[in-house]
Every structure is written in C-alpha cells, then in structure tokens.
Amino acid sequence: MFRVTIRGTFTGLGDASRAALREAAESFGTSFTEAGTFTCDSSLSAFTFRCQIPPPPEGEEPDEESWAALRATEALEAHGHPHRILRVAVTDMRDIKIRRKGGKGAGGTRGPRR
C-alpha cells in the first residue's frame with residue numbers, strides 16, 4: 001500500500017467551488033483514503049491531499065512510487081478543484097517497520113545505558 005501526500009495551492013476557485021470546500025471543511029479528516037481527503041487553510045489557498053493507493057500487480061510497474069504518485073494525482077484531479085501542485089511525497093507502507101512494545105525483556109527495562 002502506498003500513502004501519497006500532495007501539497008498544493010488552489011488556483012482560480014469559483015464561488016461554487018469555494019462554497020463546496022467550505023461546506024465540506026467540517027467533514028475533512030486527515031486520514032488516507034483511496035478517494036483522497038483534503039485539509040486546507042481557512043482562506044482556501046493552500047491544501048494537503050492525502051490518498052492511499054494499492055500497489056500494482058507484482059512486476060507490472062518498474063517504478064511503483066511514480067506510478068502511485070500518478071494515481072494519486074488522478075484522484076486529486078477527480079475532485080475537480082483547480083490547483084497547482086507544489087510537492088508530492090510517496091511512502092511505501094511495505095517498507096515501514098513497526099517497533100512493538102513488549103517481547104524479550106518486557107517490563108519497562110531497556111537494559112544498561114551506554
């Protein structure tokens with residue numbers, strides 16, 4: 001699974017788009033979804049778009065991160081708000097290592113400090 005964050009600015013928002021964004025602002029979350037979610041400033045100038053993209057079939061795409069960025073950009077454009085992209089960040093969740101509490105030596109001790 002890829003998590004893609006796109007930061008950008010809205011450009012030339014019409015009254016209808018501004019009204020729709022303001023109305024939906026209360027329901028905006030910061031979660032990653034396949035349709036994507038917005039967070040934006042109160043002036044509706046800058047935004048962050050978060051999108052979750054499933055990986056392509058094994059071996060189908062040589063550059064999976066670029067592929068995921070393209071899919072996220074398509075999801076952003078599907079919302080129909082005019083924008084300019086400033087930055088795109090892609091995280092491959094398969095590469096994330098989770099450190100779990102507990103295990104050997106559990107009980108709150110970390111061992112000797114050096």
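Just so it is clear, none of the values below were taken in a lab; they were calculated from the coordinates. Note that the coordinates shown come from a computational prediction; the quantities given were computed from them, not determined experimentally. In this analysis, Cβ positions are derived from the backbone assuming ideal geometry, glycine residues included, and neighbour counts consider all displayed protein chains.
In order along the stretch 60-73, the phi-based Karplus estimate (6.51 cos²θ - 1.76 cosθ + 1.60, θ = phi - 60°) of 3J(HN,Hα) comes to 7, 10, x, 10, 5, 5, 5, 4, 5, 4, 5, 4, 5, 4 Hz; Gly and Pro are listed as x.
The GluC sites (Glu not before Pro) of the stretch 3-67 meeting both criteria, a DSSP state outside H, G, I, E and B (loop) and at most 14 other C-beta atoms within 10 angstrom of the site's C-beta, are Glu26, Glu34, Glu58, Glu60.
Remark: spin-label model distance Leu70-Thr11 equals 2.2 nm, labels positioned 7 Å along the Cα→Cβ axis. Rounded to the nearest Hz, the phi-derived 3J(HN,Hα) couplings of the stretch 89-99 under the Karplus curve 6.51 cos²θ - 1.76 cosθ + 1.60 (θ = phi - 60°) are 10, 10, 10, 8, 5, 5, 8, 7, 9, 9, 8, where x marks glycine and proline.
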